[in-house]
Amino acid sequence: MYKVATEFLKRFFKTSTIYKYGFNWSPMYRRTTAKLIEVSDDLHYVKIRLKLNWKNRNYAGSLFGGSMLAATDPIYMIQLIQILGDDYVVWDKAVEARYKRPARTTIYGEFIFSEQEVKNIKDSISKNKETEILKTMSLVDDNQNIIATFNKTLYIADKQFYKDKLKKRQATN
């Protein structure tokens, strides 16, 4: 549904605008209580804000760790899908969360892909047909104190290679 809506909306809006408002209006992302507040035109930079409120406050009065994880979870994958285009498959594979201190105020996170990273991914796919990358990002408060750090493993593959791989897997099961 989201992919179909995105393709339709590309006729009228920039991809970065669709990405930002699509996330912010999506029921699955709204429930995290986070908001995308900045998205670069090339989608290489995304910034989120997560305000402490009654929906995400835990028993101890700080921001619930699950809200922090959920707010960061889909960004890198969908960001990279949009950057790479339809010839690639991108999946979240793993995440490691490290909570450093309680969040008692609004926190922020940045998701960044450099041009060189994207080039390296494409080069790796052209040689190996699939690859995994590790992206690390932190949620910080207004004073740049690190609240939590997330190490995200992403799987990326050539779309045709991935389809063939799935057919082989299904044939052996």
Segment A97-E132, length gained on full extension (0.36 nm per residue, minus Cα span)
10.8 nm
Label 7 Å along Cα→Cβ of R169; the stretch 145-159 residues with amide nitrogen under 16 Å?
154-159
Counting Lys and Arg as +1 and Asp and Glu as -1, what is the net charge of the other residues whose Cβ lies under 12 Å from the Cβ of Y76?
-1
What length, rounded to one decimal in nm, is gained on full extension from K10 through to R104, with 0.36 nm per residue of separation minus their alpha-carbon distance?
30.0 nm
Roughly to the nearest percent, how much of the accessible area of the chain is carbon and sulfur, given a 1.4 Å probe?
53
Quick one: check the C-alpha center-to-center distance for the stretch 106-121 versus the stretch 131-173, whole angstrom.
13
Using θ = phi - 60° and the Karplus form 6.51 cos²θ - 1.76 cosθ + 1.60, what ³J(HN,Hα) does each residue of the stretch 136-150 get, whole Hz, x for Gly and Pro?
10, 9, 10, 9, 10, 8, 4, 8, 6, 6, 6, 8, 8, 10, 10
Amide H of E38 versus every other amide H placed in the peptide plane: which residues, excluding those fewer than 5 positions away on the same chain, fall under 5 Å?
K47
Per-residue accessible area for E7 at 1.4 Å probe radius, Å² rounded to 10?
90
Calculated from the structure, Cα extents along the principal axes in Å equals which of (1) 50, 38, 34; (2) 83, 39, 24; (3) 43, 38, 30?
(1)
Connecting every pair of Cα atoms under 10 Å apart in the chain and solving the GNM, the largest mean-square fluctuation among A157, A60, A70 falls on A60
For the chain, what is the calculated [θ] at 222 nm in deg cm²/dmol (nearest 500), taking -39500 (n - 2.57) for each run of four or more DSSP H residues and dividing by its residue count?
-11500 deg cm²/dmol
Residue-wise, which Karplus ³J(HN,Hα) couplings in Hz belong to the stretch 21-37, taking 6.51 cos²θ - 1.76 cosθ + 1.60, θ = phi - 60°, and x for glycine or proline?
6, x, 4, 5, 9, 5, x, 5, 8, 4, 5, 6, 6, 8, 9, 6, 10
What number do you get for the stretch 1-84 when its Cα radius of gyration is normalised by 2.2 N^0.38 Å, N = residues?
1.17
Measuring with a 1.4 Å probe in the full set of protein chains, what accessible area per residue, in whole Å², belongs to the chain?
60
Net charge of Cβ neighbours under 10 Å - reference L36; Lys, Arg +1; Asp, Glu -1
+3
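The values are calculated or read from the model by the stated rules, or taken from the named source; none is laboratory data. Owing to the predicted nature of the structure, the values given are computational and were not obtained by experimental measurement. Positions of Cβ are backbone-derived with ideal geometry, glycine not excepted, and every protein chain shown enters the neighbour counts. Areas reflect the complete protein model, heavy atoms only, side chains present, ligands, DNA and RNA absent. Shrake-Rupley method; radii C 1.70, N 1.55, O 1.52, S 1.80 Å.
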